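Asks: What follows is a structure written as structure tokens; I'll ask about it next.
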Amino acid sequence: MRIVIAGCKGQLGTALQEVLKEDTILGMDLPEYDITRRSSIEQAIGDFRPEVVINAAAYTNVDGCERDPDLAYRVNALGAQNLALVCQRYGADLVHVSTNEVFDGTKTEPYLEFDPLHPINAYGRSKAAGERLVQMVWNRVYIVRTAWLYARSGKTFPYKIVTRARERGALRVVTDEISSPTYAPDLALAISQLIRSGQYGIYHFTNAGICSRYDFAVKILELAGLGHIPVEPITSDQYSRLSTPPLYSPLRNFCGAELGITLRPWEEALEDYFASE
Ligand SMILES: NC(=O)c1ccc[n+]([C@@H]2O[C@H](COP(=O)([O-])OP(=O)(O)OC[C@H]3O[C@@H](n4cnc5c(N)ncnc54)[C@H](OP(=O)(O)O)[C@@H]3O)[C@@H](O)[C@H]2O)c1
């Protein structure tokens, strides 16, 4: 297949390039390609004539979105709309990657693909707007929501936990933020299966299982050989940050499982993350 990956230098974009290496790929990212400027992507996509465009580009700094919501809307909503308009023009399928943060976290069981959106922070609002816009523009769209994404290429949660444990010798981690860690190569594999299905719709792809940030941190330390580092359990009201994450936001993979697309348990994926060091 001929596939455009927008955000090809990010965690998911990098994993997608690896998983889709048998396909013909055009990678796009800043500074050459800016999804907020349609003119900077339209010509290249038109010349390349992809069957699928995967939007893994986003402004993912959640606290940064709180500081600069206009930038969040520009990239996560209007940038996504630009890609949908280009897909419509050239007849390409669009995979738009979204987040657990489109939900408010007040549910007591995992969120279904069909649950109503109710974001509670600027990042979530911009991502929810992106979902709406791509669906208004084009009908050949797969929306793939994921959560707590991490990879070797990113300085995300596992990297920060290991680094801070080494620097500080002790950690405090919240017990009441709950979701599902997702290893970017596993998400990339699920997306590579989905794009061959023709079954447009909304999908929830995270690694299987549910845990708190605290459980995740303890497992990271164990696998990193740092199990002796003390981790103090705290609640999110004891941890000050600019944005408010949804507290309970696991995503149930109902639609993908119907197609036979499932992801392995998060603990197994985390072992692979450490094995790939
Ligand atoms: N990370 C998570 O925990 C998480 C959780 C749930 C959902 N998601 C979603 O999953 C997707 C992939 O996330 P990720 O963690 O792989 O993100 P990432 O590592 O931050 O990668 C995003 C990439 O997009 C690029 N980008 C930003 N603005 C752009 C623009 N205007 N035009 C073109 N490229 C631009 C970034 O470049 P710069 O680095 O130069 O800005 C970066 O290379 C996103 O849709 C995100 O919202 C992520």
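The values are calculated or read from the model by the stated rules, or taken from the named source; none is laboratory data. Here the structure is a predicted model, which means the values were calculated and not measured. Glycine also receives a Cβ, built like all others from the backbone with ideal geometry; neighbour counts cover every protein chain displayed.
Asks: Assess whether Arg213 counts as being surrounded by 20 or more Cβ atoms within 10 Å (Cβ to Cβ) and under 21 Å from Val102 (Cβ atoms). Reasoning before the result, please.
Replies: Details: surrounded by 20 or more Cβ atoms within 10 Å (Cβ to Cβ): yes; under 21 Å from Val102 (Cβ atoms): yes.
Yes.
Asks: Considering only the range 84-102, state which residues are touching a Gly at 6+ places or on another chain (Cβ under 8 Å) and part of a loop (DSSP other than H, G, I, E, B).
Replies: Correct list: empty.
Asks: When the residues of the range 39-68 are filtered to those that are assigned to a helix (DSSP H, G or I) and buried (at least 17 other Cβ atoms within 10 Å of the Cβ), which remaining residue is farthest from the ligand (Cβ to nearest atom)?
Replies: Filtering the range 39-68 down to residues assigned to a helix (DSSP H, G or I) leaves 39-48, 62-67.
Then drop every residue that is not buried (at least 17 other Cβ atoms within 10 Å of the Cβ), which leaves 41, 45, 48, 62, 65.
Values: Ile41: 8, Ile45: 13, Phe48: 16, Val62: 8, Cys65: 10 Å.
This residue is Phe48.
Asks: Something else about it: Does Ala184 count as buried (at least 20 other Cβ atoms within 10 Å of the Cβ) and in contact (Cβ under 8 Å) with a residue 60 or more places away in the chain? So that I can check it myself, show each step before the final result.
Replies: Numbers: buried (at least 20 other Cβ atoms within 10 Å of the Cβ): yes; in contact (Cβ under 8 Å) with a residue 60 or more places away in the chain: yes.
So Ala184 fits the description; yes.
Asks: Would you confirm whether any residue within the range 136-152 is modelled with pLDDT under 95 and either at positive phi or out of contact with any Leu (no Cβ under 8 Å at 6 or more places or on another chain) (or both)? It would help to see each step written out before you state the result.
Replies: At the first step, the residues of the range 136-152 found to be modelled with pLDDT under 95 are 152.
Add one more test, that the residue is either at positive phi or out of contact with any Leu (no Cβ under 8 Å at 6 or more places or on another chain) (or both), and what stays is 152.
Yes, the range 136-152 contains at least one residue that is modelled with pLDDT under 95 and either at positive phi or out of contact with any Leu (no Cβ under 8 Å at 6 or more places or on another chain) (or both).
Asks: Would you call Ala257 under 21 Å from the mean Cα position of the chain (by Cα) and free of Cβ contacts under 8 Å to residues at least 24 places away in the same chain?
Replies: Numbers: under 21 Å from the mean Cα position of the chain (by Cα): yes; free of Cβ contacts under 8 Å to residues at least 24 places away in the same chain: yes.
Judged against the criteria, Ala257 is a match.
Asks: Looking at (1) surrounded by fewer than 17 Cβ atoms within 10 Å (Cβ to Cβ); (2) over 24 Å from Ala188 (Cβ atoms); (3) in contact with a Gly (Cβ under 8 Å, 6 or more places away or on another chain); (4) not charged (D, E, K, R), which is the one condition that is false for His228?
Replies: (3)
Asks: Quickly run through the range 87-127 and pick out the residues that are out of contact with any Lys or Arg (no Cβ under 7 Å at 6 or more places or on another chain), farther than 20 Å from Ala6 by Cβ and among the hydroxyl-bearing types (Ser, Thr, Tyr).
Replies: Once the filter is applied, which keeps residues that are out of contact with any Lys or Arg (no Cβ under 7 Å at 6 or more places or on another chain), farther than 20 Å from Ala6 by Cβ and among the hydroxyl-bearing types (Ser, Thr, Tyr), the range 87-127 yields Thr106, Thr108.
Asks: While we're here: Quickly run through the range 1-35 and pick out the residues that are within 12 Å of the ligand (Cβ to nearest atom), crowded, with 20+ Cβ neighbours inside 10 Å and in a loop (DSSP other than H, G, I, E, B).
Replies: Across the range 1-35, the qualifying residues are Gly7, Cys8, Gly10, Ile35.
Asks: Taking the stated definitions as given, is Ala84 within 10 Å of the ligand (Cβ to nearest atom), closer than 18 Å to Trp138 by Cα, in contact with a strand residue (DSSP E or B) (Cβ under 6 Å, 6 or more places away or on another chain) and not acidic (Asp, Glu)? Let's see the steps before the verdict.
Replies: Numbers: within 10 Å of the ligand (Cβ to nearest atom): no; closer than 18 Å to Trp138 by Cα: yes; in contact with a strand residue (DSSP E or B) (Cβ under 6 Å, 6 or more places away or on another chain): yes; not acidic (Asp, Glu): yes.
No: the conditions fail for Ala84.
Asks: Also, I was wondering about something else. I need the full set of residues from the range 1-53 which are of a type in the set (S, T, N, Q) and farther than 21 Å from Tyr183 by Cβ, in order please. Step through it out loud before you land on a result.
Replies: If we filter the range 1-53 for residues that are of a type in the set (S, T, N, Q), which is where we start, we get 11, 14, 17, 24, 36, 39-40, 43.
Matches in the range 1-53: Thr24, Thr36, Ser39, Ser40, Gln43.
Asks: Sticking with this structure for a sec: Report whether or not Ile45 is touching a residue at least 40 places away in the same chain (Cβ under 8 Å), more than 20 Å from Asn121 (Cβ to Cβ) and within 20 Å of the chain's Cα centre (by Cα).
Replies: Values: touching a residue at least 40 places away in the same chain (Cβ under 8 Å): yes; more than 20 Å from Asn121 (Cβ to Cβ): yes; within 20 Å of the chain's Cα centre (by Cα): no.
So Ile45 fails the test.
Asks: Could you say whether any residue in the range 235-242 is charged (D, E, K, R), assigned to a loop (DSSP other than H, G, I, E, B) and under 15 Å from Arg145 (Cβ atoms)?
Replies: Filtering the range 235-242 down to residues charged (D, E, K, R) leaves 237, 241.
Then keep just the ones that are assigned to a loop (DSSP other than H, G, I, E, B); that gives 241.
If we keep only those that are under 15 Å from Arg145 (Cβ atoms) as well, we get none.
The answer is no; no qualifying residue exists.
Asks: Look at Gly105 and say whether it is outside any helix (DSSP H, G or I), at pLDDT 95 or above and on the phi > 0 side of the Ramachandran plot. Steps first, please.
Replies: Details: outside any helix (DSSP H, G or I): yes; at pLDDT 95 or above: yes; on the phi > 0 side of the Ramachandran plot: yes.
So Gly105 passes the test.
Asks: Starting from residues that are buried (at least 24 other Cβ atoms within 10 Å of the Cβ) and closer than 17 Å to Val137 by Cα, keep the ones in the range 93-113 and report whichever is farthest from the ligand (Cβ to nearest atom).
Replies: Quick first cut of the range 93-113, residues buried (at least 24 other Cβ atoms within 10 Å of the Cβ) only: 94-103, 111.
After this cut, where a residue has to be closer than 17 Å to Val137 by Cα as well, the list is 94-98.
Numbers: Leu94: 13, Val95: 10, His96: 8, Val97: 4, Ser98: 6 Å.
It comes out as Leu94.
Asks: Say whether the condition of being crowded, with 19+ Cβ neighbours inside 10 Å, farther than 24 Å from Leu112 by Cβ and not basic (Lys, Arg) is met by at least one residue in the range 250-270.
Replies: Yes, because at least one residue in the range 250-270 is crowded, with 19+ Cβ neighbours inside 10 Å, farther than 24 Å from Leu112 by Cβ and not basic (Lys, Arg).
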